[in-house]
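K.L.:
First the structure, which I've put down as structure tokens, then a few questions once you've had a look.
Readers should treat all values here as calculations from the given coordinates under stated rules, not as data from a laboratory. Remember, it's a predicted structure, so these values are computed and weren't measured experimentally. Cβ sites come from the backbone with ideal geometry, for glycine too, and all protein chains shown count toward neighbours.
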Amino acid sequence: MTEEFVAAKDGHAVPLVVEESEGAIGDVILCHGLTADRDEYSGLYVRAAAALRAASFNTFRFDYRGHGRSDLPSEQMTIAGETADLTAVMDLAWKRDGLPQYLLATSFGAVSAVQRLAAGADHVRGLVLWNPVIDVRSTFVDPGTPWSRTAVNDESRGELAAGAREYVLLDGFRLGFNLVHEMERTDITGDLRDLRLPILAAHGTADELVPYTYTEAALADLPRSRLISLPNAGHGFLEHQTDVLRETVEFLSGLARAEGDGSDW
């Protein structure tokens, strides 16, 4: 395991952990959610990385700006900035070993992952989404969820726009004006449906933070995609993590085998 930094195009230093597997067949880049860090909640990404390395994948876990060990305050985090951070990690992985890449994105990490893929990413062969944020505006702004409305509401948005406050607090995480402005106009449903990649998604049907219905609608009848519906599971699907990890490893291993023998997934 190595801990290092990679510079995004705007100069931000992205902290990451690279864990290599001997005879690796691909690189998996893990994109964490809002208010989390490169370990994800309860160490989910630590366990995921171990399972992936056992299946012969290198893993790249990093902290988005404003999170974890990043030296930027959380109120300076933006979707555009997160996309730049992810790009830097993807470029580093490609220069490091030139292996096929796979993205695993959780919750808000799906936004930058899908936007980055929509811009073109020839080295990426598959996408995994766990409880993904798809329609950002509907999830956080209009109508929002009871969770998001504690921070993002008409009053707080007006105060941000007027400069009366610099950020709003969501579970102790500072959301700045630029991020809230992005949230008001972001929906990655179209970008996701335009991807020509195999996609595996897992989402709890009782998720109160990120509505399951947005994921279900985005993936409906989408070729080369599969949605694992987790009955009565909330955000983080704690009781289903072992099964989701197994399904994820099997999915990515199948893509890597197809890559190796030139067959279609």
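K.L.:
Subtract the Cα-Cα distance of Ala80 and Arg224 from 0.36 nm times their separation in residues, and report this length gain in nm to one decimal.
P.N.:
Here the answer is 49.1 nm.
K.L.:
Note the angle between two axes, namely the Cα long axis of helix 241-261 and the longest principal axis of the Cα atoms of the chain, as a number of degrees from 0 to 90, rounded to the nearest 10.
P.N.:
Helix 241-261 and the main axis of the chain meet at about 50 degrees.
K.L.:
Could you tell me how many degrees, from 0 to 90 and to the nearest 10, lie between the Cα long axis of helix 79-97 and the main elongation axis, the longest principal axis, of the Cα atoms of the chain?
P.N.:
For helix 79-97, the angle is close to 20 degrees.
K.L.:
Something else about it: Please list, in order, the residues from region 1-17 whose amide nitrogen is less than 18 Å from a point placed 7 Å along the Cα→Cβ vector of Asn178.
P.N.:
Only 7-15 fall inside the zone, counting backbone N under 18 Å.
K.L.:
For Glu155 and Thr242, what is the calculated FRET efficiency with R₀ set at 35 Å and r taken between the beta-carbons, to the nearest 0.05?
P.N.:
Efficiency for this residue pair is about 0.25.
K.L.:
Further question on the same structure: Divide by every residue of the chain the summed helix terms, -39500 (n - 2.57) for each DSSP H run of at least 4, and state the resulting mean residue ellipticity at 222 nm, rounded to the nearest 500 deg cm²/dmol.
P.N.:
-11000 deg cm²/dmol
K.L.:
Please list, in order along region 128-144, the HN-Hα scalar couplings obtained from phi with the Karplus expression 6.51 cos²θ - 1.76 cosθ + 1.60 (θ = phi - 60°), rounded to whole Hz, x for Gly and Pro.
P.N.:
Per-residue couplings from phi come out as 10, 10, 10, 6, x, 7, 10, 8, 5, 4, 5, 6, 10, 10, 9, x, x Hz.
K.L.:
What number, in percent, do you get for the relative contact order of the chain if the mean sequence gap of Cα pairs under 8 Å and at least 6 apart is divided by its residue count?
P.N.:
Relative contact order for the chain comes out at 17 percent.
K.L.:
If you don't mind, there's one more thing I want to ask. Please list the three semi-axes, largest first and in whole Å, of the ellipsoid equivalent to region 1-158, using sqrt of 5 times the eigenvalues of its alpha carbon gyration tensor.
P.N.:
Working through the eigenvalues yields semi-axes of 28, 16, 15 Å.
K.L.:
Using only the alpha-carbon atoms, what does region 26-78 span along each of its principal axes? Please give whole angstrom values in decreasing order.
P.N.:
37, 22, 14
K.L.:
Measure nothing but the geometry: give the 0 to 90° angle between the long axis through the Cα atoms of 109-118 and the longest principal axis through the Cα atoms of the chain, rounded to 10°.
P.N.:
70 degrees
K.L.:
What trypsin sites (Lys or Arg not before Pro) does region 131-186 have in DSSP loop regions with at most 10 other beta carbons within 10 Å?
P.N.:
Arg185
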